[in-house]
1. Only one of (1) under 17 Å from I86 (Cβ atoms); (2) without any contact (Cβ under 8 Å) to a residue 40 or more places away in the chain; (3) part of a loop (DSSP other than H, G, I, E, B) fails for A136. Which number is that?
2. Taking segment 165-179 as the search range and keeping residues that are farther than 19 Å from V139 by Cβ and touching a Ser or Thr at 6+ places or on another chain (Cβ under 6 Å), which one is modelled with the lowest pLDDT?
3. Could you list, in sequence order, the residues of segment 132-141 that are in contact with an Asp or Glu (Cβ under 9 Å, 6 or more places away or on another chain) and crowded, with 16+ Cβ neighbours inside 10 Å?
4. Is it the case, given these coordinates, that I171 is touching a strand residue (DSSP E or B) at 6+ places or on another chain (Cβ under 8 Å), buried (at least 18 other Cβ atoms within 10 Å of the Cβ), of a type in the set (V, I, T) and closer than 15 Å to Y78 by Cα?
5. Answer yes or no as to whether G35 is modelled with pLDDT under 85, in a helix (DSSP H, G or I) and surrounded by 15 or more Cβ atoms within 10 Å (Cβ to Cβ).
6. Can you confirm whether L160 is in contact with a helix residue (DSSP H, G or I) (Cβ under 7 Å, 6 or more places away or on another chain) and either within 20 Å of L53 (Cα to Cα) or in the same structural domain as I173 (by TED's automatic domain parsing) (or both)?
7. Quick check on this structure: which one of V54, V156, V62 is in a strand (DSSP E or B) and in contact (Cβ under 8 Å) with a residue 12 or more places away in the chain?
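The values are calculated or read from the model by the stated rules, or taken from the named source; none is laboratory data. No experiment lies behind these values; they were computed from the predicted model shown. In this analysis, Cβ positions are derived from the backbone assuming ideal geometry, glycine residues included, and neighbour counts consider all displayed protein chains.
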Amino acid sequence: MPAAGVKRRKKLFLMALAAIIFAETGYILGTTGIGWMLIELFFGTRPLAFLDLVSKSPEVYVFYNGSVARADSRAVRYNDSYVHLIYYAGARLAPTALRWIEVDASEKPVYVIPFSPRGVPVNPADFYDALPKTAAHPVVLVICNAGDLERWLSYVSQRLQYRPSGTHIRIEIAGGEPVAARSLAD
């Protein structure tokens, strides 16, 4: 039968080993980002509403009344609008995409959000000559964080049971919430 000292040392060794394993696991989960993914998986996160996406955007430009103006992202909020997500690779916009934007801007305000999966930085000057400035409703160019855009698209796909794909996606917003989405051919 082991002596009391041996039992005590064994107990201390197991406690120290458990503490080291716990600390190393926490370090690995925290530094790799896996921990935050697990927290989101089990506890979920608050979905990002479209107007929150716009208000968090660092750059917003309004094309309206024949001019282009940089705007405060918290001031440019339209509950009923169209959102055009357009693949951006630093090139000119497709003519069909511009026609869709112009037609939609005759009915409601239009948000244009360029996205670049390859991380190409968006240059607002590429849109100055292309986007319509004299439509019946404003056309708003929103340059937002890729992570926020992905979070909002995840919310849209869950809400509408729609899998966004393609280089041009049109989403209709009513009452601040997405109500319809479709991929458009360029």
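1. (1)
2. S165
3. From segment 132-141, those in contact with an Asp or Glu (Cβ under 9 Å, 6 or more places away or on another chain) are 132, 135-137, 139, 141; that's our starting set.
Within segment 132-141, P132, A135, H137, V139, L141 qualify.
4. Values: touching a strand residue (DSSP E or B) at 6+ places or on another chain (Cβ under 8 Å): yes; buried (at least 18 other Cβ atoms within 10 Å of the Cβ): yes; of a type in the set (V, I, T): yes; closer than 15 Å to Y78 by Cα: yes.
Against the criterion (touching a strand residue (DSSP E or B) at 6+ places or on another chain (Cβ under 8 Å), buried (at least 18 other Cβ atoms within 10 Å of the Cβ), of a type in the set (V, I, T) and closer than 15 Å to Y78 by Cα), I171 qualifies.
5. Details: modelled with pLDDT under 85: yes; in a helix (DSSP H, G or I): yes; surrounded by 15 or more Cβ atoms within 10 Å (Cβ to Cβ): yes.
Taking the combined requirement at face value, the residue satisfies it.
6. Details: in contact with a helix residue (DSSP H, G or I) (Cβ under 7 Å, 6 or more places away or on another chain): no; either within 20 Å of L53 (Cα to Cα) or in the same structural domain as I173 (by TED's automatic domain parsing) (or both): yes.
Answer is no for this residue.
7. Of V54, V156, V62, the one residue that is in a strand (DSSP E or B) and in contact (Cβ under 8 Å) with a residue 12 or more places away in the chain is V62.
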